[in-house]
Structures are given as C-alpha cells and as structure tokens.
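Nothing in this text is a laboratory measurement; each read-out follows from the coordinates by a stated rule. On a predicted model such as this, the values are computed, not experimentally measured, just so you know. Heads up, the Cβs are rebuilt from the backbone with ideal geometry, glycines too, and the neighbour counts pull from every protein chain shown.
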Amino acid sequence: MEWVIDIQGLSKSYGRVKALKSLDLRVPRNTILGFLGPNGAGKTTTIKLLLGLIRPSGGGGTVFGHDIARQSIEIRRRVGYLAQQPRYYEHMTARELLRFRARFFYRGPQAAIESRVAETLELVGLDDKADRPIRGFSGGELQRLGLAQAQVNYPDLLILDEPAANLDPMGRRDVLEVMERLRQHTTIFYSTHILDDVQRVSDTVAILDHGELVAQAPIEKLLAGSDGPVYTLVLQGDPSAAYSRLTSQPWVTGIQVGQKNGYVTWQVSVSDEEAARAELLRRVLAERGLNVLEYGRKKHELEEVFMQIVEGGADVTR
Amino acid sequence: MSHDSALLMVRERGWSSGLRNMLRKENGTWWRTKKCWVQILVWLLIANGIPAFILWIIPLIDTGSPLPSGADGLEAFLSILGPAATIGVLILAQSIIVREKQLGTAAWILSNPVSRAAFVLSKLIAHAAGILAIIFVLQGLVAYGQFSLRDGELWPILPLAAAIGLQALHMLFWLAFSLMLGTFFRSRGPVLGIAFGAYFVQEILGQLEGLVPVVPAYMPTKLLALCMPAALGRPLPTVLPIVSVAVSAVLFVLIAIWRFGRQEY
C-alpha cells in the first residue's frame, strides 16, 4: 500500500511537557482520515510537525517520501493546509489572497492562474465575495476561504485542522460537502472533535489522547465495536419465557436488559453471528403475546466508541 | 475540477523557495499603496525642506548676507538625512517581522513552500529597496537639482552619489539590526527599545573618541562623518567604518536567518 503519511515514534516536548509521545501513524492514499482527540491531545502538534512548522523532539516520518524534518519545503509543495485559527492578510481580498498563494506554486501564465483562482472561489461558494477585503468576512466565510486557499494548488494532501469548528450547522454542512467533493482528487487528513462529521465523511479514524495514539481503524471496524456482534431488540409484552429460551442457546453469550419508553430492551451478545441471524428473531417471535417493535444489529455510535477509548477500558483497535 | 496543464510550476528550490512571490508581495506594500506617496512627501519635507529653506528662503529674508552656495545646502542635507533616515528606519523596521508573528500570518506563510531564508530576505530586500529609492535616491536627486540650480551649474554627480551611498549603507546596517532583533522577540517594545538604545549609545561613544580610542572608529556613526568629504570629492580619512558597518550588516542578516529558521510556529 502507498502511504502518504508514514510516521514512526514521533514525539514533541515543550520543556517537561510531552505534547506527543512516540506517535506511529500511516495514512493511505486517497482516503479521508479523521484525526480525533480531546483538546490538548496533540492533534495540532502532529499537524505542525508534518508541515515543518515545529521540529520533532524524537522520532520522525515522511510525507510523500519526504522527511518531515529536513524536506518540509518539498512536502509543502504538495500540501494544502487549513489552520485551526487561520490568519491571513486582512487588507487583501479573497481573490488576491488566493492569487498570492497560487503564485507559490505556479509562475504563470497569468490567465491560467486567474482561472484557477476563480474556479477555487466557486468551489467554496465565495465567487460573489471574491473582491471584498477579508477583514469583513464572517467566521463561516473565513473558513471557506481557508479551504479555498488550501485547495488552490490542487494538493495531493489536504491537512485541515478543525475545519468545521466554530461554524453553524449550515457552515458545517458546506465544509463537509466541499470535503466530499475533494476526496476523489486528494488525501484528506483532518483533525476534529465533532464526531458526527467524522462518522459522515471519514474512511479511517485515528484517536489521539494525551499525546498517544490509542486507536486507528477504518470507521466501519471502529463502529462495529470490539465486544463481538450485538443485536438490539425493543419488546412489548412479557419477555421472561423468551429470555430463558435464548439464554439456553450456546451461541448467546449474554443479554443486557434495559428499558426504553416503557418497553423492554435487550442487547443480545452472540458468539456465532450466522446462528444469530438465522435463529434469534425467530425464537423471540415464537413466544405468544410478545411483540418485537425494533430489531437490528447494533452499530456503535462514534461518540460512544470515542468515550470508551478516551476514558479507558475499551479494547484498542490498531 | 481538473489539473490545469497550462500552469507552469515555479522553479525556485532550496533557500530561494518562495522568494520571488514574497518579494512581489513585500514590494507591493511599498509601491501599490498610498504609503508610497506619503513617504515621498514626508521625506521631501525632512531631507530637502531645510536645505531648500537655506538656499531659497533665507536669501529672501536676509538680503544683506552673501548668497548661500550649493555646498551650504549640501551640508544641511547630509547632516539631516543620515540621522533622520536612521530614526525613520528604526521606527519602520520594528514591526516588519514581529507584526507577522503577532498576527499569525508568518505561520500561514511558512505553511507554504517558502524557505525561512526567503521570508527574511524578502522583507530585507523589499524594505531596503523602498527606503533606498524614496529616502536616498529620490531625495538625492531633488537635492542635486537644488544645489545645481543655486550654483547655476551642474554639480559633479559622482561625489554626491558616493556620499548618499555611504548614508544608504548606514541605513542598511540599522535595517538589518532591527530585522535581526525582530526575529528574537515577539513584541515591538524590545525591538524598538534595543535598537534606539544601541543607536544613541554609539552616538555618545562617537563623541568620546579621545576617551575610548578604538571602538568609535568601528561605529556606524563614523560612517556618517565620511559623507561630507566624500560629497566634496576629498579623499576619505579611513575606510574602517565602511568595512565594519558592511560586515556587521551581513552578519545581522545571517543571524536573522539562522534565528528565524529555528523558531517554531
């Protein structure tokens, strides 16, 4: 597999504070990796290390095969970056800013640069505000401008630090839509703590906590959970006979009973998924007077998985 | 959305990566804004105002005295231009790097394919060029016109150019010094304070030549003392200040690049 980002043992200390502790991380080409973690986990530090804005205290890595400590200019030629709190020259207009950034990559011809700038402004929906000074931009407009400037060189890797932070739901939706549109052209590495967004657009998730990588896995694998297949049922009626019948099955490893809106809920953990698919619902429905209102294989919410991992105790998927 | 094959990639590599684009932007702050006209007017008043007063206004007021010559205007011009340009440069240069660090724009620039040396050099070159053109070349030409007009004949241009060149070197020293300080600090106060402190200390030391015999000969203030003989076409008593100031300015730039290269954003 071709790795766009490949880092090993990367660490960063500020005095006695260890912001990043021996991080190993690999990001395959043309994927969207959601880089999760609570505030202060080391997400921005990792991003700055990848871009050469800060120097590693230990370890190292490559981006597109270029060493992050010694060849950061070569890395930045292929990267677009949106900072967590982006700061631009406020006297410039959006068009001037994009033109300025584009010229770090292209020396001409002028018409082609202008065309690229116009196309990028349109992509993020800022074409009607292109000639307004940036100082008058709203938070959402600034964020979209940030995406535009990061994208104007059509980077092979987009690094976005909290791209949807401080945005209203509409702004968030817009940013995610832009990311979705870009995914076919580029690898996207973005940090966030908005878990809904990660669940919506990411292929892979890496979770960082206290400077350490505690999980990295494809999103489906992470959401499937690490405690084996679990089926959820919402029942109406007396379930005691069905409960006894199920617990006697060798493939049922446990039933967690709860309440929801006055109904009984079961979370049935199974060891043999094929047997569960074939038998579970049938055995419950065999009980007269017991109705199944909801039935399905449990899919973990990312927030649940995240909390389990960060607060400790969960299996770590690496 | 597709990659546009018509676009030509930049060729700069290594330390010069991003230099051309940075220079274009920095030059724009001098030449594509109102700042240019404001600076021209202010420096016209400062550098050529008093010589003009001596050459043209005083003869109208004091009709009994002999007419002043171009050389009288020259002395006023050179004695004002050097110190005024230094103070102007120190005020102007204090924020060149610090402001970008404070605003966070330095971090954004450095996330692009720009070398840190290119960042520092673009600031130095663009500001030096702006100051050189507006404060020295333009004012020198106006002064040259005034002196020639007063004396009724064209002045020899090379000696005046040499004198202005020495003053420009003096300015470069202080510009490089301020720029270097800007790479060490994150606020303007220390940059301005240290730069002005150093300027006034070396001015005072320059006055104590008899007491401290060796050090003042290397001071930038001694460079300004060479301007008048140079402008009159006389041989220079020493070239030591020229060498020491030029070497120091280069050293300051190298330190600035080294220091800026080590900073984290």
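Miscellaneous remarks
- For the peptides B:40-47, A:60-67, B:202-209, B:177-184, the ranking by packing is B:177-184, A:60-67, B:40-47, B:202-209, with the highest mean count of neighbouring Cβ atoms within 10 Å listed first.
- Residue by residue, the stretch A:282-290 carries 3J(HN,Hα) couplings of 4, 5, 6, 5, 5, 7, 5, x, 10 Hz when phi is fed to the Karplus relation 6.51 cos²θ - 1.76 cosθ + 1.60 (θ = phi - 60°); x denotes Gly or Pro.
- Proximal charge balance of A:G59 [Cβ under 15 Å; K/R count +1, D/E count -1]: +3
- Shielding value for A:97-106 is 5, the average number of Cβ atoms from other chains within 10 Å of each residue's Cβ.
- Listed residue pairs exceeding 18 Å between alpha carbons, taken from A:K48/B:K101; B:K25/B:K123; A:K43/A:K299; A:K12/A:K43; A:K221/A:K298: A:K43/A:K299
- Chain B - mean residue ellipticity at 222 nm from DSSP helices (-39,500 (n - 2.57) per run, n ≥ 4, rounded to 500): -22000 deg cm²/dmol
- Pairwise FRET efficiency - A:L285 versus A:V17, Cβ, R0 = 56 Å, nearest 0.05: 0.45
- When the charge dipole of the protein assembly as shown is built from unit charges on Cβ atoms (+1 for Lys and Arg, -1 for Asp and Glu) and taken about the Cα centre, the candidate among B:Q94, B:A256, A:I5 whose Cα reaches farthest toward its positive end is B:A256.
- Most mobile listed residue (A:Y154, A:Y231, A:Y263) in chain A, GNM with C-alpha springs under 10 Å: A:Y263
- Separation of alpha-carbon centers, the stretch A:167-237 and the stretch B:167-207, rounded to whole Å: 53
- Averaged over the residues of A:80-91, the number of partner chain Cβ atoms lying within 10 Å of the residue Cβ comes to 4.
- Just so you know, the Cα atoms of the stretch A:3-224 work out to an Rg and Dmax of 17.1, 52 Å.
- Net charge of Cβ neighbours under 15 Å - reference B:A71; Lys, Arg +1; Asp, Glu -1: -2
- Residue-averaged [θ]222 nm for chain A, counting only DSSP H segments that reach four residues, each worth -39500 (n - 2.57): -10000 deg cm²/dmol
- Annotation for the stretch A:245-292 versus the stretch B:1-75: alpha-carbon center distance of 84 Å.
- Nearest-20 debye value, the stretch A:3-224 charge dipole, Cβ charges on Lys, Arg, Asp, Glu: 800
- Amide N of the stretch B:186-203 lying under 19 Å from the label point, which is placed 7 angstrom from the Cα of B:L211 along Cα→Cβ: B:197-203
- A simple packing score, the average count of other Cβ atoms within 10 Å per residue, orders the peptides A:90-102, A:291-303 as A:90-102, A:291-303, with the highest score first.
- Relative protection proxy for A:44-51, A:167-174, from highest mean packing down: A:44-51, A:167-174 (other beta-carbon atoms within 10 angstrom).
- Inter-centroid distance (Cα atoms) of the stretch A:1-50 relative to the stretch A:78-140, Å: 28
- Placing +1 on the Cβ of every Lys and Arg and -1 on the Cβ of every Asp and Glu, with no other charges, gives the protein assembly as shown a dipole of roughly 840 debye about its Cα centre.
- Here the 3J(HN,Hα) profile of the stretch A:264-269, calculated from phi with Karplus coefficients 6.51, -1.76 and 1.60 at θ = phi - 60°, is 8, 10, 10, 10, 9, 8 Hz, Gly and Pro shown as x.
- The relative contact order of the stretch A:3-224, computed from alpha carbon pairs under 8 Å that lie at least 6 residues apart in sequence, is 29 percent.
- Relative contact order (%) - criterion: Cα under 8 Å, at least six apart; region: the stretch B:34-262: 26
- For A:I32, the amide hydrogen comes within under 5 Å of the amide hydrogens of A:I188, A:D203, A:T204, counting only partners 5 or more places away or on other chains and with H modelled in the peptide plane.
- Once both labels are positioned 7 Å from their Cα atoms along Cα-to-Cβ, the gap between B:L8 and B:V38 label points is 3.7 nm.
- Here the Karplus relation 6.51 cos²θ - 1.76 cosθ + 1.60, evaluated at θ = phi - 60°, turns the backbone of the stretch A:178-185 into coupling constants of 4, 4, 4, 5, 7, 4, 6, 9 Hz, with x for every Gly and Pro.
- Take each residue of peptide B:109-121, count the partner chain Cβ atoms within 10 Å of its Cβ, and average: the result is 5.
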